[in-house]
Amino acid sequence: QVQLVESGGGLVQAGDSLRLSCAASGLTFSSYAMGWFRRAPGKEREFVTAISRSGGSTAYTDSVKGRFTISRDNAKNTVYLQMNSLKPEDTAVYYCAATYYSSTNSRPGDYAYWGQGTQVTVSS
């Protein structure tokens with residue numbers, strides 16, 4: 001059974017940092033590109049970032065460029081999201097997901113597996 005389990009969310013103040021983790025099991029982790037998505041209150045699910053199977057390519061949505069960094073450790077079957085200089089508009093439930101289709105895929109429909117989500121709340 002494939003499982004993706006996020007952790008590391010919490011309540012922080014604007015300007016602070018968080019590091020999210022997503023631990024994968026039940027799949028050949030290195031065969032999948034990984035992505036992070038988020039869903040803010042009252043808004044649709046939004047692509048945040050993605051990383052290729054080997055970690056050699058990444059993509060970011062414009063609003064997080066220069067602040068967020070995605071990385072992966074295939075030996076640990078884990079993908080990370082380092083979030084710096086957090087803003088109130090980053091408040092959302094963050095989900096990790098796995099896709100077999102491309103290296104930096106921003107389309108949620110192409111992701112076969114999803115985690116349960118972790119809440120990130122940024123106060124002003």
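The values are calculated or read from the model by the stated rules, or taken from the named source; none is laboratory data. From a predicted model like this one, the values you see are computed outputs, not experimental measurements. No Cβ is skipped: glycine too gets one built from the backbone with ideal geometry, and neighbour counts run over all protein chains shown. Protein only, heavy atoms only, side chains kept; ligands, DNA and RNA dropped before computing areas. Shrake-Rupley method; radii C 1.70, N 1.55, O 1.52, S 1.80 Å.
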For Lys43, counting only lysines whose alpha-carbon sits under 21 Å away and dropping same-chain residues fewer than eight positions off, the answer is Lys65, Lys87
In whole Å, largest first, the alpha carbons of the chain cover along the principal axes 41, 27, 26
The answer for Gly117, listing residues at least 5 apart or on another chain whose modeled amide H is closer than 5 Å to its amide H, is Glu6, Cys96
Length gained, Ser30-Glu89, 0.36 nm per residue minus C-alpha separation, equals 18.0 nm
Sorted by chain and then number, the residues having a modelled amide H within less than 5 Å of the amide H of Tyr100, at least 5 places away or on another chain, are Ala112
Heavy-atom accessible area per residue of the chain, all protein chains kept, 1.4 Å probe, expressed in Å², is 50 Å²
In nanometres, the difference between 0.36 nm per residue of separation and the alpha-carbon distance of Ala14 and Lys65 is 16.7 nm
Under the 7 Å Cα-to-Cβ spin-label approximation, Arg39 and Ala75 lie apart by a distance in nanometres of 3.6 nm
For the chain, the accessible surface attributable to carbon and sulfur atoms (probe 1.4 angstrom, ligands and nucleic acids excluded) amounts in percent to 44 percent
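Can you figure out the FRET efficiency of Tyr100 with Ser123, using R₀ = 30 Å and their beta-carbon distance, to the nearest 0.05?
Efficiency, rounded to the nearest 0.05: 0.20.
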